[in-house]
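Engineer: The structure's right below; bear with me while I get my questions together.
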Amino acid sequence: MRHKIQSFVSAGIALLAMLGMGIAPAAAQGTGFYVGAGAGQTSSDLCSDPAFAGLSCDDKDTGIKVFGGYNFLPNFGVEAAWIDLGEASVSGPGGSGKVSVDGYQIAGVGILPINPQFDVFGKVGFYMWDAELTSTFGNASEDGTDLMFGFGGAWNFTPQLSLRAEWERFDVDDEDADLLSASIVFKF
């Protein structure tokens, strides 16, 4: 729990620092609606759990996301997304199991335009997740809401089109899951 609080505080301080740098001119970012979609690699700390020592474990997969947001100011917006973190699996002589996680995110986004072609951003919010476990011993599901944070950069090809690269960390029932992704963004 202490790690969660420290991570949340660190992400919050980074976001506030970005916002505190002043309202910079933002010819490319501006205000208004945007939508996007992306994909990348997910990883979790599942395989580092001592309970799975000596078993075959794979906690990396492909993650996908679809998102939209609104920038109220050139340096601040809100973003909502559906994010599929993929699947992790464990197998051994006694059986096997797979867990898949997806859910919805809502986050505040702080944006720092570097120049008209490039922005950096940070985000802090919540991830409302749903996990499905399928194993040789039966199936189960669980859901919850936990913290998330991330940062990244956007290359603005035009005022309406950009390419975004970002890293996001999701807390899923005391397990950390990371998504490193690339996305295309359309601005209105």
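Here's the yes/no breakdown for (1) surrounded by 14 or more Cβ atoms within 10 Å (Cβ to Cβ); (2) within 30 Å of F157 (Cα to Cα); (3) modelled with pLDDT of 95 or more; (4) of a type outside the set (D, E, K, R):
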position: P25; (1), (2), (3), (4): no, yes, no, yes
position: A28; (1), (2), (3), (4): yes, yes, no, yes
position: C47; (1), (2), (3), (4): yes, no, no, yes
position: S56; (1), (2), (3), (4): no, no, no, yes
position: D59; (1), (2), (3), (4): yes, no, no, no
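Engineer: Only residues that are in contact with a Ser or Thr (Cβ under 9 Å, 6 or more places away or on another chain) and outside any strand (DSSP E or B): list them for region 134-188, please.
Structural biologist: Correct list: T136 only.
Engineer: Among the residues in region 61-68, are any under 11 Å from the mean Cα position of the chain (by Cα), within 22 Å of D174 (Cα to Cα) and of a type in the set (F, W, Y)?
Structural biologist: Among the residues of region 61-68, not one is under 11 Å from the mean Cα position of the chain (by Cα), within 22 Å of D174 (Cα to Cα) and of a type in the set (F, W, Y), which makes the answer no.
Engineer: Let me ask something additional. Name every residue in region 72-92 that is more than 19 Å from G144 (Cα to Cα), out of contact with any Lys or Arg (no Cβ under 6 Å at 6 or more places or on another chain) and either open to solvent by 20 Å² or more (accessible area, probe 1.4 Å) or modelled with pLDDT under 95 (or both), in order of residue number.
Structural biologist: To start, the set of residues in region 72-92 that are more than 19 Å from G144 (Cα to Cα) comprises 72-79, 89-92.
From the residues that got through so far, the ones that are out of contact with any Lys or Arg (no Cβ under 6 Å at 6 or more places or on another chain) too are 72-79, 90-92.
Within region 72-92, F72, L73, P74, N75, F76, V78, V90, S91, G92 qualify.
Engineer: Under the condition of being part of a helix (DSSP H, G or I) and in contact (Cβ under 8 Å) with a residue 24 or more places away in the chain, which residue from region 35-52 is nearest to W167 (Cα to Cα)? Outline the logic, then answer.
Structural biologist: Filtering region 35-52 down to residues part of a helix (DSSP H, G or I) leaves 46-48, 50-52.
Restricting the remaining residues to those that are in contact (Cβ under 8 Å) with a residue 24 or more places away in the chain gives 46-47, 52.
Numbers: L46: 18, C47: 20, F52: 26 Å.
This residue is L46.
Engineer: Before we move on, is G125 within 21 Å of V66 (Cα to Cα), under 20 Å from the mean Cα position of the chain (by Cα) and without any contact (Cβ under 8 Å) to a residue 40 or more places away in the chain?
Structural biologist: Values: within 21 Å of V66 (Cα to Cα): yes; under 20 Å from the mean Cα position of the chain (by Cα): yes; without any contact (Cβ under 8 Å) to a residue 40 or more places away in the chain: no.
So G125 does not fit the description; no.
Engineer: So, G95, is that one small (G, A, S), open to solvent by less than 40 Å² (accessible area, probe 1.4 Å) and out of contact with any Lys or Arg (no Cβ under 9 Å at 6 or more places or on another chain) or not?
Structural biologist: Values: small (G, A, S): yes; open to solvent by less than 40 Å² (accessible area, probe 1.4 Å): yes; out of contact with any Lys or Arg (no Cβ under 9 Å at 6 or more places or on another chain): yes.
Yes.
A quick yes/no check of all residues on (1) touching a residue at least 24 places away in the same chain (Cβ under 8 Å); (2) in contact with a strand residue (DSSP E or B) (Cβ under 9 Å, 6 or more places away or on another chain); (3) basic (K, R); (4) crowded, with 18+ Cβ neighbours inside 10 Å:
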| residue | (1), (2), (3), (4) |
| --- | --- |
| G103 | yes, yes, no, yes |
| I114 | no, yes, no, no |
| L133 | yes, yes, no, no |
| G152 | yes, yes, no, yes |
| A165 | no, yes, no, no |
| V185 | yes, yes, no, yes |
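The values are calculated or read from the model by the stated rules, or taken from the named source; none is laboratory data. Quick caveat: nothing in here was measured; it's all calculated off a predicted structure. Positions of Cβ are backbone-derived with ideal geometry, glycine not excepted, and every protein chain shown enters the neighbour counts. Quick note on the areas: whole protein, heavy atoms, side chains included, nothing else; ligands and nucleic acids left out. Shrake-Rupley method; radii C 1.70, N 1.55, O 1.52, S 1.80 Å.
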